[in-house]
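Notes to accompany the following structure.
Read-outs throughout are calculated quantities, based only on the coordinates presented, and are distinct from any laboratory measurement. Bear in mind the structure is a predicted one, so any value in this text is a computation, not a measurement. Cβ atoms come from the backbone with ideal geometry, glycine included; neighbour counts cover every protein chain shown.
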Amino acid sequence: MSENRKKTIDVALNRVEGDLELRIEHEDGVVTNAWSKGIMYRGFENMLKGRGALDGLVLTPRVCGICGTAHLLTAAKALDMISGAQLPVNALLVRNLAMMAEHIQSDLRHGILMFMQDCHNPAYASLPLYGEAVRRYQAFKGRSVIGAIGMTKKILEIVAILGGQWPNSSFIVPGGVASVPTFNDIVNCTYIINLFTTWYEEQILGCPLERWQQVRSEQDLQAWLDESDAHRDGDLGFFIRFARLVGLDRLGRGHGNFVSFGQLELPQGSAVRGRTADPLLLAAGFIGQGQAPAGCDQELVTEHVAYSHFVDYPGGLHPSEGLTQPYVSPYEIIKYSFCKAPRYNGRPAETGPLAQMLTSGHPLFADMIAAGGPNAYVRELARLTRPAELLPAMKTWAGEIDPEAPFYHSVREIPDGHGYGLIDASRGALGHWVEISRQKIAHYQIITPTAWNGSPRDHDGVRGPWEEALIGTPIADPDNPVEIGHVIRSFDACQVCSVHLLTNNAPATGRSRCVRV
């Protein structure tokens, strides 16, 4: 291969919470290398040092404008651990309901408003599904878009009812929740759950939840798709038909490692059960390529900075010992991202709904991964169908709240100590590691899902998950690299807007060219 055939594209990934960029090297229309660059420094860890022990409950929800409840819950769980708080059943139920509402709105907003926008990319204008894609997914006009905007706004009312507002609510506290829903509040939440479920069954699935839950293998999935026009015409059916038409199952394989911190504690006496023996509805775990699921041990989590804009330290450090000292030199040629490189037992691992379905023992996704490995198609399929796992539990848990029972056990002060909160936010594994000393925060480290998925190379030079997933991606048109968009968006790269591809007028030479996605 001659060097002059290699070309690069700089791809800007804009988002509300900050910016990411990709540098893509391609040759003969195929991606051969990739670098994921976080170009904005997030200084929450250093801002929190020296503040009051409870200040993380107010500040960390501002890390993300779409997952504030997840950060609030994670921060509270760390303080629960330090204080030794025992939570009332009602507190677990309210926390779970709020988190599931946030998950569901994120899954459907991403799937319908973000990912499916690419179905009517000009690259697909000649395909038979193009006209239907425009009618469904045209921004602010498509019938699926309008429905998703209205119904995801509706499901979020549950967080507002239980917590007072969304986003940036502060109702989850060490020892439980600071709000006490009334009987009418619970009735309103149940009404919203039922309303959303009906819309999800009719618009997304095209069938009742009970029918979808019978799909346990790829063979079952095909039988389900062929069973009725309603299945094919729902947004899920359209996605499956489109994905197969354009070959999304051939894009975005990656390392094949998965990590989930799990979520949604099963309250004592609840009728809800998970698929595994884990005390969580969605089980925690790690899956190495070709290996059976194993438990998740937070002691095996490390952060690397060899290729990140931070002061160097050898190898990786556990977050409880982690350093967040930004350092950018004008002479630096190795470091390229403000994201650190999280690793589990020294290995990069993708996180998100697909990882969650696999560690929770969902038979459909286990079958699909065993047959074809991870790819953009199966990642987005997991995201679009995760609400089907959550909605039945939501309805049951809303009915199990007892307005006469306690919602909070008193925590008078946060003692000195170390603690951590681990959950799966909408995009995957989220962790807060906290040290309290003399009623103040002495140390705070946060690892977000996008840090896992969009990490740069680690101390050993191993690419991060979506860097690796881009390798081998075909690019039919460098002026419109929609294939790159499919791969990155299958990870839901914490982008709550700006799903566009723009190019400058740079000539198609070996020099770097710039596009925006």
L113 vs. criteria within 21 Å of L354 (Cα to Cα) and more than 13 Å from the chain's Cα centre (by Cα): yes
Residues satisfying the stated conditions in the stretch 270-294, i.e. closer than 19 Å to P363 by Cβ and touching a His at 6+ places or on another chain (Cβ under 7 Å): R275
Any pair with Cβ under 6 angstrom, 6 or more apart, that starts in the stretch 345-369 at a residue that is at positive phi and ends at one that is buried (at least 24 other Cβ atoms within 10 Å of the Cβ) and assigned to a loop (DSSP other than H, G, I, E, B): G352/R427
Matching helices (runs of 4 or more DSSP H) fully within the stretch 157-216 where at least 1 residues are exposed (fewer than 14 other Cβ atoms within 10 Å of the Cβ) and in contact (Cβ under 8 Å) with a residue 60 or more places away in the chain: 183-199
Conditions (1) touching a Gly at 6+ places or on another chain (Cβ under 6 Å); (2) more than 18 Å from H71 (Cα to Cα); number of the one not met by R457: (1)
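Yes/no matrix, rows are residues, columns are (1) under 12 Å from P174 (Cα atoms); (2) within 24 Å of the chain's Cα centre (by Cα):
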| residue | (1), (2) |
| --- | --- |
| A12 | no, yes |
| L20 | no, yes |
| R23 | no, yes |
| W35 | no, yes |
| G52 | no, no |
| L72 | yes, yes |
| A76 | yes, yes |
| L79 | yes, yes |
| G84 | yes, no |
The stretch 122-133 - residue that is within 19 Å of P481 (Cα to Cα) and of a type in the set (A, V, I, L, M, F, W, C) and, of those, surrounded by the most Cβ atoms within 10 Å (Cβ to Cβ): A133
Selection from the stretch 222-247 of residues that are touching a residue at least 60 places away in the same chain (Cβ under 8 Å) and among the polar types (S, T, N, Q): none
